[in-house]
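Working notes for the structure below.
The values are calculated or read from the model by the stated rules, or taken from the named source; none is laboratory data. What you are looking at is a predicted structure, and each value in this text was computed from that prediction instead of being measured. Neighbour counts run over all protein chains shown; Cβ positions are idealised from the backbone, glycine included.
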Amino acid sequence: MERTIKKIIFAARNTVACTSEKANIDPPANGALVETRYSCISAGTELAKLTGKQSFPYPAGIGNRAIGRVIAAGSACSRVKSGDLVFAHAAHASVAATDGLVVRLPDELDQPETALIGMASVAMTGVRVARPEIGDRAVVLGAGPVGQLAAQLLALDGARVIMIDPVKERLGVARRCGILHVIDSSEGDAAERVLDLTDGEGAEHILDCTGLQSVIVSAPPMARKGGQIVLVGSPRGEYQTDVTDFLNAFHLDRAHGDLTLRGAHEWKIPIYPVAGLKHSQERNVQTIVQLICEKRLKLSPLLSKTFSPDDAQAAYDALAQSPSAILGAVFDWSGISGSV
């Protein structure tokens, strides 16, 4: 069926466009055709691709976290049906054909902030990898959307959470979401303050949600001996430093040493359930949805700005130029339909 489809593309480095074209588009056999309501801007990944820090095949579409209504399910897809509200691995587009993750949502979640489920899924992977136990201490580095959600999920797991970030406003959001201990890293030595809050021992779990190498290499002094550092954010670009002390934190049996470094990239977890494996991205999203509906996981305080797709260039410029001013950002497609 031919439809007029709007979509956001990265036309060239630092150049964004919202295009419109007519195309015949059908659902993949194992997926669905989705009319987008809201799509989440994954600022770290998308800005890295837009600015050239991460390889990207310009010109091309971008985005993979959206909510919308199913127009049609594929012939081999029984998970969803026409009319269902879904979270989907779908691009920034008015209509998207996806053979990635598609998870049915209750109609009450037809709200802009629900697009942030994608960020919660990233955070959930970090928590799954860390495997905290009740009473453990956990430090979250970075109070962006992923860090905020990781902190909430760790607290729900019974961990004593400490959030660290240099932006006071983001730390205020964390407090409003129930995080009791926050540290402004622009005000003195954050590691010393972590030790003060942990009786000098350090935390069992350090989750880096920044992807900044300078932050990651500063993490070991915050960790308890035998603890772990979990990379939730993806490091990008070049960073030069002497890593000897950082490596010795993992190699040597010393105070704040004998550490473990773990990767928690979301795609290490299968999209749908696999026999013999407990977790999948589908299960993570279903768990997140349950927590939202139970009002135990808070998304609304994390949504700073909703943009029109027509203002896509301005949206990415704002995220690049004033990153501390915008926490969560979403494109609103609700007034745009993929017309026949």
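Condition test on R79, is it within 28 Å of E108 (Cα to Cα), among the basic types (K, R), touching a strand residue (DSSP E or B) at 6+ places or on another chain (Cβ under 7 Å) and buried (at least 19 other Cβ atoms within 10 Å of the Cβ)?
Working: within 28 Å of E108 (Cα to Cα): yes; among the basic types (K, R): yes; touching a strand residue (DSSP E or B) at 6+ places or on another chain (Cβ under 7 Å): yes; buried (at least 19 other Cβ atoms within 10 Å of the Cβ): no.
When the stated conditions are applied, R79 does not pass them.
May I ask you to list the residues in the range 296-315 that are among the small types (G, A, S) and assigned to a loop (DSSP other than H, G, I, E, B)?
Narrowing the range 296-315 to residues among the small types (G, A, S): 300, 304, 308, 312, 314-315.
S308, the sole residue that qualifies.
Within the range 181-189, identify whether any single residue is among the acidic types (D, E) and under 23 Å from A325 (Cβ atoms), and answer yes or no. First the steps, then the outcome.
Start the filter on the range 181-189 by keeping residues that are among the acidic types (D, E), which leaves 184, 187, 189.
Still in the list and also under 23 Å from A325 (Cβ atoms): 184, 187.
Within the range 181-189, one or more residues are among the acidic types (D, E) and under 23 Å from A325 (Cβ atoms).
Which one of these is closer than 24 Å to G147 by Cα and over 14 Å from the mean Cα position of the chain (by Cα): D110, D99? So that I can check it myself, show each step before the final result.
Details: D99 fails: closer than 24 Å to G147 by Cα.
The match here is D110.
I'm told G126 meets every condition in (1) surrounded by fewer than 24 Cβ atoms within 10 Å (Cβ to Cβ); (2) of a type outside the set (V, I, T); (3) touching a strand residue (DSSP E or B) at 6+ places or on another chain (Cβ under 8 Å) except one. Can you identify the failing condition by its number?
Of the numbered conditions (1) surrounded by fewer than 24 Cβ atoms within 10 Å (Cβ to Cβ); (2) of a type outside the set (V, I, T); (3) touching a strand residue (DSSP E or B) at 6+ places or on another chain (Cβ under 8 Å), the odd one out for G126 is (1).
Might you let me know whether the range 282-289 holds any residue that is in contact (Cβ under 8 Å) with a residue 40 or more places away in the chain and in contact with a Gly (Cβ under 6 Å, 6 or more places away or on another chain)?
In the first step, residues of the range 282-289 are kept if they are in contact (Cβ under 8 Å) with a residue 40 or more places away in the chain; the result is 282, 284-289.
Now drop any that are not in contact with a Gly (Cβ under 6 Å, 6 or more places away or on another chain), which leaves none.
The answer is no; no qualifying residue exists.
If we keep just the residues of the range 1-28 that are aliphatic (A, V, I, L, M) and free of Cβ contacts under 8 Å to residues at least 60 places away in the same chain, which is surrounded by the most Cβ atoms within 10 Å (Cβ to Cβ)? I'd like the intermediate steps shown before the answer.
Within the range 1-28, the subset aliphatic (A, V, I, L, M) is 1, 5, 8-9, 11-12, 16-17, 23, 25.
Checking which are free of Cβ contacts under 8 Å to residues at least 60 places away in the same chain leaves us with 9, 11-12, 23.
Values: I9: 20, A11: 14, A12: 13, A23: 13.
The extreme case among them is I9.
Restricting to strands (runs of 3 or more DSSP E) lying wholly in the range 1-42: which have 2 or more residues that are of a type outside the set (D, E) and under 22 Å from the mean Cα position of the chain (by Cα)? Explain how you work it out, then say what you get.
Details: elements: 2-12, 15-24, 32-40.
So the answer is 2-12, 32-40.
Hey, can you tell me all the residues within the range 211-251 that are out of contact with any Gly (no Cβ under 6 Å at 6 or more places or on another chain) and of a type in the set (A, V, I, L, M, F, W, C)?
Of everything in the range 211-251, those that are out of contact with any Gly (no Cβ under 6 Å at 6 or more places or on another chain) and of a type in the set (A, V, I, L, M, F, W, C) turn out to be L212, V215, I216, V217, A219, I229, V243, F246, L247, F250.
Does V139 meet the test of being over 22 Å from I292 (Cα atoms) and touching a strand residue (DSSP E or B) at 6+ places or on another chain (Cβ under 8 Å)?
Numbers: over 22 Å from I292 (Cα atoms): yes; touching a strand residue (DSSP E or B) at 6+ places or on another chain (Cβ under 8 Å): yes.
Spelling it out, V139 is indeed over 22 Å from I292 (Cα atoms) and touching a strand residue (DSSP E or B) at 6+ places or on another chain (Cβ under 8 Å).
Look through R236, R224, R193 and report the one residue that is modelled with pLDDT under 95, of a type in the set (K, R) and over 21 Å from M124 (Cβ atoms).
Among R236, R224, R193, only R236 is modelled with pLDDT under 95, of a type in the set (K, R) and over 21 Å from M124 (Cβ atoms).
Would you check which residues across the range 160-181 are over 22 Å from K295 (Cα atoms) and surrounded by 18 or more Cβ atoms within 10 Å (Cβ to Cβ) and list them? Even if it seems obvious, please write down each step before you answer.
Going through the range 160-181, the residues over 22 Å from K295 (Cα atoms) turn out to be 164-169.
Scanning the range 160-181 gives I164, D165, V167.
Would you tally the residues in the range 24-48 being in contact with a Lys or Arg (Cβ under 9 Å, 6 or more places away or on another chain) and over 22 Å from S308 (Cα atoms)?
Matching residues across the range 24-48 total 3.
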